[in-house]
Amino acid sequence: MPELPEVETVRRGLAPAMEGARFAKVEVRRGDLRWPLPRDFARRLHGQTVTGLGRRAKYLLADLSSGDILLMHLGMSGSFHVFQNSGGKKLGAYHHERKRHVTHDHVVFHMSSGNIITFNDPRRFGSMKIVPRAKLEAEPLLARLGPEPLGNAFDAAMLAQACHGKKTSLKAALSDQRVVAGLGNIYVCEALHRAGLSPKRMAATIADRSGAPNERAERLVDGIKVVLNEAIRDGGSSLRDHKLTDGELGMFQHNFRVYDREGEKCRTPGCRGIVKRMVQNGRSTFYCPVCQK
Ligand SMILES: [Zn+2]
């Protein structure tokens, strides 16, 4: 499942193909994605210019000249591919799964620039939705999302307030999209490791009784920002390396410190711990029992 850095990498890969271009033709080959695409989906996009491609948590938001916003989510297995003209040279593959079958190309955007963008999604947990810009704030998919972890507003005070009094583990709290948006299993594990905090630690212990942040909250916010920025930087370099080939992008390029490294040496400088795996809320947590307290 792609997390924030992968979605940001996809956004950066798609932006040059979409921004400033018009939807010359929109093909819906299979409309039953996570929920059905509306009947007027193609008609509402047709002829509109994409004025900007943004991101909120794991959603891509294409601003359209009509005043609508096209919301796109990759789900579990979604990917975008950019081609130059029909059957032409592939410019890039913005996704995580290694195989792509054209039978899973469910939505195809023919842009006025000549670029063809396909949305491929074997498991069809991905989704698209058109929302008028004026109604974006009330949009249920976005309304309950917590702060953007890389935004300026997200700091130790905000995270401590959100965790104040919480009887859940830090792992569970950080995985909750209402506490902070866009983190999933991988980057929660990595951020806790960077911060030197145990995934089992109670979330409430990063705040004092009044909800004010302590030094753990500061370390955790730093850890979150550092791992996300590093992953986005790695995604960016994979984008450059593979842009003109049939390249793979995203999490495969990233060098994790604990995630999926059970039994291997901890990568914290000076730590002699061995990475352990445990199950929390049905998901694997990877951590170092020596340097994460
Ligand atoms: Zn360690």
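The values are calculated or read from the model by the stated rules, or taken from the named source; none is laboratory data. What you are looking at is a predicted structure, and each value in this text was computed from that prediction instead of being measured. Note that we place each Cβ from the backbone using ideal geometry, even for glycine, and neighbour counts take in every protein chain shown. When the accessible area is computed, the model is the full protein with side chains, heavy atoms only, and any ligands, DNA or RNA have been set aside. Shrake-Rupley method; radii C 1.70, N 1.55, O 1.52, S 1.80 Å.
In segment 183-226, what count of residues is obtained for those that are in a loop (DSSP other than H, G, I, E, B) and farther than 12 Å from ALA160 by Cβ?
Taking segment 183-226 as the starting set, the residues that turn out to be in a loop (DSSP other than H, G, I, E, B) are 183-184, 196-201, 208-212, 214.
Filter once more, keeping what is farther than 12 Å from ALA160 by Cβ: 183-184, 196-201.
So the count comes out to 8.
Name the pairs whose Cβ atoms lie under 6 Å apart, with the first residue in segment 117-143 and within 16 Å of SER65 (Cα to Cα) and open to solvent by 70 Å² or more (accessible area, probe 1.4 Å), the second of a type in the set (A, V, I, L, M, F, W, C) and at pLDDT 95 or above, and 6 or more positions between them or separate chains?
Matching pairs, first to second residue: ARG133/ILE69.
Counting only residues that are open to solvent by less than 20 Å² (accessible area, probe 1.4 Å) and touching a helix residue (DSSP H, G or I) at 6+ places or on another chain (Cβ under 8 Å), which one in segment 267-286 is nearest to the ligand (Cβ to nearest atom)?
Filtering segment 267-286 for residues that are open to solvent by less than 20 Å² (accessible area, probe 1.4 Å) and touching a helix residue (DSSP H, G or I) at 6+ places or on another chain (Cβ under 8 Å), the one nearest to the ligand (Cβ to nearest atom) comes out as PHE286.
With respect to ALA191, is the statement that it is buried (at least 17 other Cβ atoms within 10 Å of the Cβ), touching a Pro at 6+ places or on another chain (Cβ under 7 Å) and modelled with pLDDT of 95 or more true?
no
Anything in segment 1-59 that is within 19 Å of PHE125 (Cβ to Cβ) and open to solvent by 70 Å² or more (accessible area, probe 1.4 Å)? List them, or say none.
The answer is MET1, ARG29, ARG30, ARG34, TRP35, PRO36.
Tell me, yes or no, whether segment 209-219 has at least one residue that is within 21 Å of ASN152 (Cα to Cα), within 15 Å of the ligand (Cβ to nearest atom) and either crowded, with 16+ Cβ neighbours inside 10 Å or at pLDDT 95 or above (or both).
Yes; the residues of segment 209-219 include at least one that is within 21 Å of ASN152 (Cα to Cα), within 15 Å of the ligand (Cβ to nearest atom) and either crowded, with 16+ Cβ neighbours inside 10 Å or at pLDDT 95 or above (or both).
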